[in-house]
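Q: Take a look at the following structure, please.
The values are calculated or read from the model by the stated rules, or taken from the named source; none is laboratory data. In this text the structure is predicted, and so the values were computed from the model without any measurement. Cβ atoms come from the backbone with ideal geometry, glycine included; neighbour counts cover every protein chain shown.
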Amino acid sequence: MSAQDITKYKDFLLQQMFHKNIQENERHIHNLNQYIASHQEVIKNLQQFGNELSIDCLVPMGKLAFFKGKLTHTNELLALLGDEYFGKYSQKQTIELIQRKIKRAVDALKDFEKQNESLKKQLSLAAESGAMESQGKENLDQGARIEEYWDEESLEKWKAEHKVRMQGHSKTPQTQNVLSDDEINKRLDELELEELILEGKEKNNDNQIIEKKVDKLDDNEINNIIKTDNKQPETQGAILQMNESILSNKENKATIIVDKEKKNYCDDSYDTDHGIKIHFKHSSKAPVFENNPNKIDSPKDISNAFSMPVSILKKSNSNNTSINKSVSLPDNHQLPDTNENRSIYSEIVHDIRETSQKSENKNATRPMSKFKRERKNV
Amino acid sequence: MEALDPQIREKIVKFEEFINFKLKEDLRILEQQLDKKNTEVLEFQQLKDTIKVLKENKMDEKGFKTKVDIGQNIFMQAQVDDASKIMLNVGLGYYVEFTLDEALVLIDVRIKIFNKQIQNLKTEVAKTNAHIKCMLIGIRELQGLDPKTIDD
């Protein structure tokens, strides 16, 4: 049985329980209504009997026979008090007794009706939010009721697992295995070295750019710059397409280069190093909201195309931005179990939720970059 | 169990369905009817006894006092002056006035009829039980025998 089936079954059981309770309540309500009605009938009859000394009636003998007779002593009644005990009452007293009984029944009826109402409300609310039919609705994050049960032990376990998962995500989405401290340090050194080399190359390119004003560059030269800039083979195709769009739209030229540079070297020091000033402005092109990762029409698409492989050295930076985003949209997250290919974004949101829950005890709510953490530990 | 001819297996399933959904259902209905008749006989018997008591105590002449349920277990005293006549339910909610002696005769007849009906029902129940037993024996034979020796 898959997890989906189990939740489906759970929903089904829950729904059935609700319906059963409602039905039972309705039965009670029906019975009480009858009880009240018959007692009111008795009061009516009693008042009528009280008007006369004797009334002709048919005296029942068992269920099958009657005798002709008459009711006498109309102000003298025997009322069942319960458990086979009877009390002798006058007509007035009997009516009072019956009215007390009716009052009690009405109170019970109100209780049942209230209960039924709340049950129905719960059922309809659940149906609206999709908690009852989670299969029918695709967007779990739209008002779905999310429940999580936890205890200290499972929470600790989850935290450990979550840490491992986060480490896996901070590198490449594919590598799931955990690296030891030594390996991480080694990798860190490698990356630093790589960055130094990149910076060196970059400076050469910068010189080229400095030689000519950005807005007067030939398309071919732009191509050259972009190609030499490009250290990520998987983005080649996107860049070629981008070049085409440059040819067609000169307006976008400066922005594209800026985007490219920003994506590759997002260090704050970079801009100050070579002293180029780049002015950002919105392109004249109307925004197109298409989710085609291979097609580039606007600067936004370029940003999308290149935002995928982010250097791990920039992790803390990107973390912060997404945290800000997530704080403003706290409801927009998904459960880790429900989504197999969850994004880093949702992971972060969970992390934030986790830490904010625990923030009373611990001061460190701000997520730290992995490397910063490493350095602190060492 | 040995591998049975699929045809026979199908038959066995059919037999079992017949037992469970037809014969046992019949039995249930018959028993309900029997119950109903028994209670009716009991009621007539009680009425007969009451009338006898009334006659023994000469109440049919003097009349008697009783308590009448006027609803929800509240009783009021009632006086029957003329107890020589009684209204009897003759079916479908119709009541006919009889004298006590007539009523006794009628009640006797009714009880006899009911007893006969009960007898019939009892034989019906026995028959149905027998059918179920036969079917069960038949199923057992079908399962036990070599399918080749059975001719439809």
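Q: Exactly one condition in (1) more than 7 Å from chain B (Cβ to nearest Cβ); (2) part of a helix (DSSP H, G or I); (3) under 60 Å from the mean Cα position of the chain (by Cα) is false for A:GLN48; which is it?
A: (3)
Q: Please find, within the range B:98-114, the residue that is farthest from the other protein chains (Cβ to nearest Cβ) out of those that are of a type in the set (D, E, K, R) and surrounded by fewer than 16 Cβ atoms within 10 Å (Cβ to Cβ).
A: B:LYS112
Q: Check whether at least one residue in the range B:71-85 is farther than 30 Å from A:LYS44 by Cβ and out of contact with any Phe, Trp or Tyr (no Cβ under 9 Å at 6 or more places or on another chain), and report yes or no.
A: Looking through the range B:71-85, at least one residue is farther than 30 Å from A:LYS44 by Cβ and out of contact with any Phe, Trp or Tyr (no Cβ under 9 Å at 6 or more places or on another chain).
Q: Of the residues B:GLY93, B:GLY71, which is closer than 30 Å to A:LEU80 by Cβ and within 26 Å of the chain's Cα centre (by Cα)?
A: Testing whether each residue is closer than 30 Å to A:LEU80 by Cβ and within 26 Å of the chain's Cα centre (by Cα) leaves just B:GLY93.
Q: Taking the residues in the range A:51-62 that are under 17 Å from B:VAL80 (Cα atoms) and part of a loop (DSSP other than H, G, I, E, B) as candidates, determine which candidate is farthest from the other protein chains (Cβ to nearest Cβ).
A: Looking at residues that are under 17 Å from B:VAL80 (Cα atoms) and part of a loop (DSSP other than H, G, I, E, B), I get A:LEU53.
Q: Hey, any hits in the range B:95-112 for a residue that's at pLDDT 85 or above and part of a loop (DSSP other than H, G, I, E, B)?
A: No, because not a single residue in the range B:95-112 is at pLDDT 85 or above and part of a loop (DSSP other than H, G, I, E, B).
Q: Scan the range B:71-97 residue by residue and report those that are more than 9 Å from chain A (Cβ to nearest Cβ) and free of Cβ contacts under 8 Å to residues at least 24 places away in the same chain.
A: B:VAL90, B:GLY91, B:LEU92, B:GLY93, B:TYR94, B:VAL96
Condition check ((1) within 14 Å of chain A (Cβ to nearest Cβ); (2) in contact (Cβ under 8 Å) with a residue 60 or more places away in the chain; (3) touching a Pro at 6+ places or on another chain (Cβ under 7 Å); (4) aliphatic (A, V, I, L, M)) across all residues:
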| site | (1), (2), (3), (4) |
| --- | --- |
| B:VAL13 | no, no, no, yes |
| B:LEU34 | no, yes, no, yes |
| B:GLU40 | yes, yes, no, no |
| B:LYS55 | yes, no, no, no |
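Q: Can you find a residue in the range B:75-83 that is over 19 Å from A:ASP56 (Cβ atoms) and in a strand (DSSP E or B)?
A: No, that holds for no residue.
Q: If you don't mind, another one. Does A:ASP5 count as more than 14 Å from every other protein chain (Cβ to nearest Cβ) and either in contact with an Asp or Glu (Cβ under 9 Å, 6 or more places away or on another chain) or within 26 Å of A:GLU76 (Cβ to Cβ) (or both)?
A: No.
Q: Test each condition in (1) in a helix (DSSP H, G or I); (2) under 20 Å from A:LYS70 (Cα atoms) for B:LEU47 and report the one that comes out false.
A: With respect to (1) in a helix (DSSP H, G or I); (2) under 20 Å from A:LYS70 (Cα atoms), B:LEU47 is out only on (2).
Q: Can A:HIS39 be described as touching a residue at least 60 places away in the same chain (Cβ under 8 Å) and either facing another protein chain (nearest Cβ under 9 Å) or under 30 Å from B:ALA103 (Cβ atoms) (or both)?
A: yes
Q: Being over 26 Å from B:ARG110 (Cα atoms) and in contact with a helix residue (DSSP H, G or I) (Cβ under 8 Å, 6 or more places away or on another chain) is the filter; apply it to the range B:57-70 and report the residue that is farthest from the other protein chains (Cβ to nearest Cβ).
A: Ranking the qualifying residues of the range B:57-70, first place goes to B:PHE64.
Q: Within the range A:86-113, take every residue that is more than 20 Å from A:GLN47 (Cα to Cα) and either surrounded by 15 or more Cβ atoms within 10 Å (Cβ to Cβ) or touching a residue at least 12 places away in the same chain (Cβ under 8 Å) (or both) and give me the one that is farthest from the other protein chains (Cβ to nearest Cβ).
A: Among them, the one singled out is A:GLU113.
Q: So, one more: Give the range A:71-85 a look and list any residue that's at the interface with chain B (Cβ under 7 Å from one of its Cβ atoms), part of a strand (DSSP E or B) and surrounded by fewer than 16 Cβ atoms within 10 Å (Cβ to Cβ), or say none.
A: Once the filter is applied, which keeps residues that are at the interface with chain B (Cβ under 7 Å from one of its Cβ atoms), part of a strand (DSSP E or B) and surrounded by fewer than 16 Cβ atoms within 10 Å (Cβ to Cβ), the range A:71-85 yields only A:LEU80.
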